[in-house]
2 protein chains.
Amino acid sequence: MTLDRKMHRMGEKARAAAHALALTPTSQKNAALLAAANAIDGARAEILKCNADEIAEAKDLSAAFIDRMKLDNARLDGIVSGLKTVAGLDDPVGKEISSWARPNGLHFTRVRTPIGVIAVIYESRPNVTVDAAALAMKAGNAVILRGGSECIKTAELLARLFKTGLQEAGIDENAVQFVDTPDREAVGLLLSGLGGGVDLVIPRGGKSLVKRVQDEARVAVLAHLDGLCHVYLDHDADLEKAAAITVNSKMRRTGVCGAAETLLIDRERLVDLWPPVADALAKAGCELRGDDYICALDESVAPAREEDFDTEYLAPILSVAAVDNVDGAIRHIARHGSAHTDSIVTENEETARRFLAEVDSAIVLHNASTQFADGGEFGFGAEIGIATGRLHARGPVGLEELTTFKTIIRGSGQTRP
Amino acid sequence: MTLDRKMHRMGEKARAAAHALALTPTSQKNAALLAAANAIDGARAEILKCNADEIAEAKDLSAAFIDRMKLDNARLDGIVSGLKTVAGLDDPVGKEISSWARPNGLHFTRVRTPIGVIAVIYESRPNVTVDAAALAMKAGNAVILRGGSECIKTAELLARLFKTGLQEAGIDENAVQFVDTPDREAVGLLLSGLGGGVDLVIPRGGKSLVKRVQDEARVAVLAHLDGLCHVYLDHDADLEKAAAITVNSKMRRTGVCGAAETLLIDRERLVDLWPPVADALAKAGCELRGDDYICALDESVAPAREEDFDTEYLAPILSVAAVDNVDGAIRHIARHGSAHTDSIVTENEETARRFLAEVDSAIVLHNASTQFADGGEFGFGAEIGIATGRLHARGPVGLEELTTFKTIIRGSGQTRP
């Protein structure tokens with residue numbers, strides 16, 4: 001069978017599984033998730049050996065890449081508990097979004113339904129296999145998984161164990177399918193939509209993957225791109241909150257998309273805010289790159305180049321600029337930001353209201369760390385990532401974001417005049 | 001200036017206008033809509049002459065095409081009253097969608113925001129110029145309009161009159177821009193996204209236009225495709241409702257996407273339902289094409305070919321098939337339908353519940369005509385079309401569907417552990 005035929009056949013099987021899964025009761029989906037958790041928990045030795053062998057075979061991979069690939073017992077704990085968490089979440093399918101009536105007696109109800117077939121294309125983290133399968137399946141979707149070639153064996157094993165959970169619960173195992181060839185053409189076929197076999201593509205990985213997906217996809221894409229997040233310390237900022245929120249936004253974890261990359265400070269507060277904030281950042285191990293105002297004030301700070309303000313460091317580096325009050329902050333963010341997550345620190349409610357209204361980002365915060373940009377922190381229980389597009393989902397993608405809706409109209413014989 | 005540069009410049013101007021429009025008060029947007037209505041109302045003679053000249057110059061156009069192109073006083077009435085209607089609708093921007101709190105004291109609010117820059121690509125109907133500009137602008141979006149080359153002068157004149165409304169209300173006139181060249185490459189540039197200048201493309205027109213848009217677009221698309229809609233007369237259908245809903249679904253207007261194309265009848269009710277339903281359809285001037293069961297029962301019906309059940313006639317023709325109860329109807333719709341709009345006629349609540357849950361269409365109805373698939377009938381006041389994709393918007397696209405959302409998080413100094 002050619003790869004083209006094989007992939008299209010996958011799409012057909014996924015479509016059939018999705019039709020059945022859309023009507024599968026919550027209890028049955030939860031049983032599958034718990035059975036998958038047990039299957040993975042019971043196969044730890046096999047998984048760790050497979051993963052260790054794959055890492056040993058791998059060549060020319062960076063230490064960071066291997067770290068992402070590597071599974072250990074703690075990461076397996078995370079995978080198993082993640083499955084149990086998703087089993088405990090409310091099922092979004094069938095949930096009423098809104099309802100209304102019309103003068104002609106027609107009654108409208110908008111309810112959540114699964115999207116259908118979702119292709120998830122990811123890279124080095126084998127745990128994405130299970131996280132994505134669990135969330136997509138719980139929301140009633142069939143999923144086609146395409147993992148990175150370096151960890152394809154580990155990912156395939158995890159997918160196979162997940163499928164035993166489906167089988168135990170009496171769910172069509174084609175609800176989760178794994179592309180077992182490293183052939184890059186398989187990605188192209190998924191992006192073509194497989195002749196109607198794929199409704200949505202979710203890329204999880206580096207910029208080059210996401211760019212390829214956005215350039216080639218003939219179906220809808222939920223992309224996860226840059227998080228060039230800002231913290232703005234306003235004229236009316238509280239000093240203690242300013243230092244704590246800045247350090248946390250930058251340094252809690254520097255490699256996440258919700259990490260702050262640029263600090264903006266009201267010019268009139270530079271003299272009193274800068275020393276304690278800079279001190280707290282330095283103590284936390286953060287490298288600073290300042291604009292002319294910052295460098296004039298503090299000789300120890302390296303000068304920022306213009307491109308620093310457009311750089312997502314994902315590292316303990318922070319660019320800092322002085323701005324003319326909240327207007328200057330809003331302008332800087334409009335010009336340099338990525339519309340992901342931005343925070344204002346101020347005690348002035350009116351200034352906060354303006355920032356929250358005028359900054360056009362998926363997530364805007366007042367007196368809180370940008371690192372709250374996370375599905376778990378939103379109360380979603382689990383997420384598949386943070387969508388940076390403007391349509392369908394914006395911000396954390398949890399169960400509800402993996403559904404669409406339909407409108408049910410109930411009448412008593414109405415015809416349209 | 002090259003076309004490429006010109007179009008990119010349009011995107012930049014649209015982006016700037018969108019930033020301002022996102023924060024423009026409702027009253028100002030409404031003032032612009034009413035001023036545009038006045039401007040168009042006051043330029044009737046000029047518009048009708050421009051339109052008549054353009055139709056006179058046109059060559060090799062079908063009568064149907066010219067009918068879509070043609071403006072008269074009644075159609076101008078519709079355009080003017082449409083603007084007033086949109087001015088009277090609630091502004092979706094800033095509307096709260098949901099709110100919740102977390103144990104750490106963070107308060108979340110999800111509010112509607114404009115999408116940004118929307119490109120609308122349409123064909124022969126010049127009124128789309130005004131309808132699309134009005135809805136997009138009221139929802140806070142800048143819009144780039146690209147009309148069909150045959151009616152480009154009429155459409156450009158309408159766009160120019162709309163812009164005088166914007167100017168009178170003090171809104172950046174680049175909130176509405178019209179592509180004044182018939183060069184098809186302009187469409188390709190819009191579909192490229194103009195280097196970040198376009199957030200969403202909405203194609204309004206025939207299948208070849210929509211297909212080109214879906215194939216080439218590098219940005220999100222809200223497509224409007226086939227409406228292969230079904231009416232199913234169930235075992236427990238009321239005879240009178242069955243006849244009235246079937247005739248209305250098919251014959252009220254045959255050229256709209258919500259018109260029924262196929263009638264399904266429970267095999268056990270054929271003998272008593274068929275004669276009165278067929279009679280009512282024949283009286284309304286409908287041509288019938290039946291499957292073997294129908295043709296055996298009624299010699300006057302022409303036999304349907306298999307492809308009839310996959311054809312959107314948009315004409316007074318109806319294909320008819322007998323099915324084995326609601327299961328057969330659901331299977332037939334899953335195989336042949338376009339997931340647009342489908343209706344069941346039954347007095348059995350449980351059967352209705354199954355049909356409404358299991359038919360995976362944007363709009364599903366119980367005891368009501370498929371011709372209610374219309375934004376006006378939903379109570380939206382106005383719509384830009386019926387989206388047939390599964391994401392973002394599904395069904396009528398009104399003001400709310402032309403927005404996205406952001407999440408506002410209010411804290412008191414929270415950092416993430």
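Observations, loosely collected:
- Subset of region A:387-403 (residues that are touching a strand residue (DSSP E or B) at 6+ places or on another chain (Cβ under 6 Å) and either at the interface with chain B (Cβ under 9 Å from one of its Cβ atoms) or modelled with pLDDT under 90 (or both)): A:R390, A:L391, A:A393, A:R394, A:G395, A:P396
- Qualifying positions in region A:37-92 - more than 27 Å from A:E401 (Cβ to Cβ) and among the β-branched types (V, I, T): A:I47, A:I55, A:I66
- Here the condition is being within 11 Å of another protein chain (Cβ to nearest Cβ) and either surrounded by fewer than 18 Cβ atoms within 10 Å (Cβ to Cβ) or under 21 Å from B:P114 (Cβ atoms) (or both); of B:G197, B:G193, B:G165, B:G170, it holds for B:G193 alone.
- Any hit, region A:58-67, residues being of a type in the set (G, A, S) and either at pLDDT 95 or above or within 24 Å of A:Q28 (Cα to Cα) (or both): no
- Qualifying residue in region B:390-400 (condition: in a helix (DSSP H, G or I) and of a type in the set (K, R)): no
- Residue among B:L233, B:L191, B:L200 that alone is more than 19 Å from A:D199 (Cβ to Cβ) and not assigned by TED's automatic domain parsing to the domain that holds B:N348: B:L191
- Residues (at the interface with chain B (Cβ under 10 Å from one of its Cβ atoms), out of contact with any Pro (no Cβ under 9 Å at 6 or more places or on another chain) and crowded, with 21+ Cβ neighbours inside 10 Å) located in region A:218-240: A:V219, A:A220
- Residue list for region A:269-303, filter: loosely packed, with under 14 Cβ neighbours inside 10 Å and closer than 9 Å to A:A322 by Cβ: A:D292
- One residue stands out in region A:1-25 among those that are within 14 Å of chain B (Cβ to nearest Cβ) and assigned to a helix (DSSP H, G or I): the one that is surrounded by the most Cβ atoms within 10 Å (Cβ to Cβ), namely A:L21.
- Answer residue from region A:72-128, given it is assigned to a loop (DSSP other than H, G, I, E, B) and of a type in the set (D, E) and is surrounded by the most Cβ atoms within 10 Å (Cβ to Cβ) among those: A:E123
- Residue under evaluation A:R335, criteria (1) touching a strand residue (DSSP E or B) at 6+ places or on another chain (Cβ under 9 Å); (2) within 12 Å of chain B (Cβ to nearest Cβ), criterion not met: (1)
- Only listed residue being buried (at least 18 other Cβ atoms within 10 Å of the Cβ), farther than 22 Å from B:D91 by Cα and in contact with a Lys or Arg (Cβ under 9 Å, 6 or more places away or on another chain), chosen from B:N51, B:N30: B:N51
- Among (1) facing chain A (nearest Cβ under 9 Å); (2) buried (at least 22 other Cβ atoms within 10 Å of the Cβ) - the single one B:G411 does not satisfy: (2)
- Among residues that are in a loop (DSSP other than H, G, I, E, B), within 11 Å of another protein chain (Cβ to nearest Cβ) and of a type in the set (A, V, I, L, M, F, W, C), B:F380 is included.
- When residues of region B:401-412 are limited to those that are assigned to a strand (DSSP E or B) and charged (D, E, K, R), the one nearest to B:G88 (Cα to Cα): B:K406
- Test for B:I344: is it part of a helix (DSSP H, G or I) and buried (at least 23 other Cβ atoms within 10 Å of the Cβ): no
- Contacts under 8 angstrom Cβ, first residue in region A:224-243 being at pLDDT 95 or above, partner hydrophobic (A, V, I, L, M, F, W, C) and assigned to a loop (DSSP other than H, G, I, E, B), 6 or more apart: A:C229/A:C257; A:C229/A:A259; A:C229/A:A373
- Tally of residues being more than 21 Å from A:R253 (Cβ to Cβ) and either part of a loop (DSSP other than H, G, I, E, B) or in contact with a strand residue (DSSP E or B) (Cβ under 9 Å, 6 or more places away or on another chain) (or both) across region A:201-210: 4
- Selection count where residues are in contact with a Leu (Cβ under 9 Å, 6 or more places away or on another chain) and more than 7 Å from chain B (Cβ to nearest Cβ), scope region A:362-376: 1
- Scanning region A:147-200 for residues that are outside any helix (DSSP H, G or I), touching a residue at least 24 places away in the same chain (Cβ under 8 Å) and more than 28 Å from A:P25 (Cβ to Cβ) yields A:G147, A:G148, A:V179, A:D180, A:T181, A:P182, A:D183, A:G193.
- Considering residues of region A:105-128 that are away from every other protein chain (no Cβ under 14 Å) and in contact with a Gly (Cβ under 6 Å, 6 or more places away or on another chain) only, the residue nearest to A:G195 (Cα to Cα): A:Y122
- Restricting region B:201-217 to residues that are within 14 Å of chain A (Cβ to nearest Cβ) and in contact (Cβ under 8 Å) with a residue 40 or more places away in the chain, the residue that is farthest from B:F65 (Cα to Cα): B:V201
The values are calculated or read from the model by the stated rules, or taken from the named source; none is laboratory data. Since we're looking at a predicted model, the values are computed, not measured. Glycine also receives a Cβ, built like all others from the backbone with ideal geometry; neighbour counts cover every protein chain displayed.
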